[in-house]
Amino acid sequence: MSLINSFRAGSRAGILRNGRTSFQRVKRGWVWNQFFVLEEYMGSDPQYVGKLHSDLDKGESIVKYTLSGDGAGSIFTIDQTTGDIHALRSLDREEKPYYTLRAQAVDVETGRALEPESEFVIKVQDINDNEPKFLEGPYTASVPEMSPVGTYVMQVTATDADDPTYGNSARVVYSILQGQPYFSVDPKTGIIRTALPNMDREVKEQYQVLIQAKDMGGQLGGLAGTTTINITLTDVNDNPPRFPKSKIPESSFVGSAVGRIKAHDPDSGKNAEIEYTIVPGDGGTTFDITTNENTQEGILILRKVLYPLVPLTFA
């Protein structure tokens, strides 16, 4: 903490900061800098905050110090004789980061103010007592199958309630705890990308990725939070239909349905919709084929008398 000790009203005030003293003109007999109090103090005695002192106080017990403002009397107390300030209870910076108070030096006997009231601030100094949190998880995302390595999937962000301006308490680093080697995460941005080529939806469609956000720049002793991302590989049309082999009776009548053909396409949605045609010049004069849109079957119709060993190729 720093304390500004001044001499007489209108004189040059010596300002003590980190062991160095500078001087400035002041109109009052005493002023001071900000005080700092440690967050989440757990000591058995009240926490010492700092000392206020007027140059009119010659140690003859004629000056009394009074305190008013945020938390005066309930959170902060001042020794009226010495000017020592203490915090009466543990404070949480995330609840209230600073307190604005006013102090005055008065004559013990008359109660008359010896100088104008002065305002100062007590700041609560942060400790690393909050873990990073993902506020919107768990997440869902999708990426096309067969995407190249480095394809963007999504970005996750964790927030840390600690003071970002003090130390590394709020500096978050991301890492992947589950989901390797399929996916990766950028440690600074939280952007998730594909990490393996040729991920095939027909082999594995769903992936669960566990992301950790750790403060203190990821160092040992940092606090951590996690979230889950459920990633689905979406289909691309990368599989041709495949036909089972069929045999047709030679005695079938012209115009009759002599068979049903169902191709299997492991793609999904519109990519799996099938339309059947007979390749020109390959039995097309002997058969017709229609597509049943509901069942996705090809219905084979006999156009003329069937002779043995008529080869057919479907498309």
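Looking only at residues of region 173-230 that are within 19 Å of D162 (Cα to Cα) and of a type in the set (K, R), we find that the one that is surrounded by the fewest Cβ atoms within 10 Å (Cβ to Cβ) is K188. In region 56-72, the residues that are surrounded by fewer than 17 Cβ atoms within 10 Å (Cβ to Cβ) reach residues that are in a loop (DSSP other than H, G, I, E, B) and of a type in the set (F, W, Y) with C-beta atoms within less than 8 angstrom, at least six apart or across chains, in these pairs: L56/W30. When only residues in region 33-44 that are touching a residue at least 24 places away in the same chain (Cβ under 8 Å) and not aliphatic (A, V, I, L, M) count, which is farthest from N130 (Cα to Cα)? Here the answer is N33. Comparison of S147, S142 shows that the only residue that is surrounded by 14 or more Cβ atoms within 10 Å (Cβ to Cβ), farther than 20 Å from K96 by Cα and of a type in the set (G, A, S) is S147.
Y207 meets the conditions (1) farther than 18 Å from P132 by Cα; (2) in a loop (DSSP other than H, G, I, E, B) in every case but one. The failed one is (2). For region 173-192, how many residues meet the condition of being in a loop (DSSP other than H, G, I, E, B) and in contact with a helix residue (DSSP H, G or I) (Cβ under 8 Å, 6 or more places away or on another chain)? Qualifying residue count, region 173-192: 1. Checking each residue in region 30-73 for being closer than 14 Å to L101 by Cα and charged (D, E, K, R) picks out K51, D70.
Yes or no: region 53-61 includes at least one residue that is in a strand (DSSP E or B), touching a Leu at 6+ places or on another chain (Cβ under 8 Å) and not hydroxyl-bearing (S, T, Y). Spell out how you get there, then give the answer.
In the first step, residues of region 53-61 are kept if they are in a strand (DSSP E or B); the result is none.
No, because not a single residue in region 53-61 is in a strand (DSSP E or B), touching a Leu at 6+ places or on another chain (Cβ under 8 Å) and not hydroxyl-bearing (S, T, Y).
When region 136-160 is limited to residues that are within 12 Å of the chain's Cα centre (by Cα) and part of a loop (DSSP other than H, G, I, E, B), the one that is farthest from F36 (Cα to Cα) turns out to be P138.
Of all residues in region 108-126, those being aliphatic (A, V, I, L, M), crowded, with 17+ Cβ neighbours inside 10 Å and assigned to a loop (DSSP other than H, G, I, E, B) number 1. Filtering Y182, Y99 for residues that are of a type outside the set (G, A, S) and farther than 30 Å from R201 by Cβ leaves a single hit, Y99. Whenever a residue of region 203-230 is more than 17 Å from I127 (Cβ to Cβ), its partners that are hydroxyl-bearing (S, T, Y) and not in a strand (DSSP E or B), lying with C-beta atoms within less than 7 angstrom and at least six residues away or across chains, give the pairs Y207/Y182. Of the residues contained in region 6-23, one or more are found to be in contact with a Phe, Trp or Tyr (Cβ under 7 Å, 6 or more places away or on another chain), modelled with pLDDT under 75 and in a loop (DSSP other than H, G, I, E, B). Just one of the listed residues (Y207, Y182, Y166) is aromatic (F, W, Y) and out of contact with any Phe, Trp or Tyr (no Cβ under 7 Å at 6 or more places or on another chain), and it is Y166.
Quick one: is T151 farther than 30 Å from V236 by Cα and not assigned by TED's automatic domain parsing to the domain that holds M42?
Working: farther than 30 Å from V236 by Cα: no; not assigned by TED's automatic domain parsing to the domain that holds M42: yes.
In short, no.
Here L101 meets each of (1) free of Cβ contacts under 8 Å to residues at least 40 places away in the same chain; (2) assigned to a loop (DSSP other than H, G, I, E, B) with one exception, condition (2). Scanning region 95-107 for residues that are more than 15 Å from A72 (Cα to Cα) and surrounded by fewer than 14 Cβ atoms within 10 Å (Cβ to Cβ) returns E95, D107.
The values are calculated or read from the model by the stated rules, or taken from the named source; none is laboratory data. If you're wondering where the values come from, they're calculated on a predicted model, not measured in any experiment. Methodologically, a virtual Cβ is constructed for each residue, glycine included, from the backbone with ideal geometry; neighbour enumeration extends over all protein chains shown.
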